[in-house]
């Protein structure tokens, strides 16, 4: 069975700084029509910085949609036309002050494919050196360093709920056989 849905009409109802919201009419595989709400997002990156002693550098940020502080991998959105590796290096530097000799691509995640086209590119950063962080003007965060094993434990016990962090930690564990 062909599962493709065909766009019949598309209306942009909101264009913001980060996202655009569309309301589309789609033809379903059985010929019926349905409304689809779609959030367009430029995509993003997340970086797991792992030092030579097995420690990971994370950031704590207040995440407004959840009204709580969340511990997560350094991350951010792609600028228009920006390669994701360039964005990964930029976000790592901005948020943590770390520079990486080596970035290993861990793959891409579809953040929430039921309504959003955001793709998150994950990287493992090694060969780290420290400089000064320089977060965006509207970005307030704390930098936290912890052993990889402790972070893995928090992922597995559900303390860490952020999807990009969970995926980055588990992919790193498998890749490095930690």
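Quick notes on this structure:
- Within segment 58-68, if we keep just the residues that are in contact (Cβ under 8 Å) with a residue 12 or more places away in the chain and either within 10 Å of residue 151 (Cβ to Cβ) or out of contact with any helix residue (DSSP H, G or I) (no Cβ under 8 Å at 6 or more places or on another chain) (or both), the residue that is surrounded by the most Cβ atoms within 10 Å (Cβ to Cβ) turns out to be 58.
- Taken together, the residues in segment 1-17 that are under 26 Å from the mean Cα position of the chain (by Cα) and modelled with pLDDT of 95 or more amount to 5.
- Considering segment 69-178, the qualifying strands (runs of 3 or more DSSP E), each wholly inside and each with 2 or more residues that are modelled with pLDDT of 95 or more and loosely packed, with under 12 Cβ neighbours inside 10 Å, run over 98-110.
- Restricting segment 20-50 to residues that are part of a loop (DSSP other than H, G, I, E, B) and touching a residue at least 24 places away in the same chain (Cβ under 8 Å), the residue that is surrounded by the fewest Cβ atoms within 10 Å (Cβ to Cβ) is 29.
- Set 6, 36, 90: member being under 30 Å from residue 169 (Cβ atoms) and in contact with a strand residue (DSSP E or B) (Cβ under 9 Å, 6 or more places away or on another chain): 90
The values are calculated or read from the model by the stated rules, or taken from the named source; none is laboratory data. Note that the coordinates shown come from a computational prediction; the quantities given were computed from them, not determined experimentally. Here the Cβ is made from the backbone with ideal geometry for all residues, glycine too, and neighbour counts use every protein chain on show.
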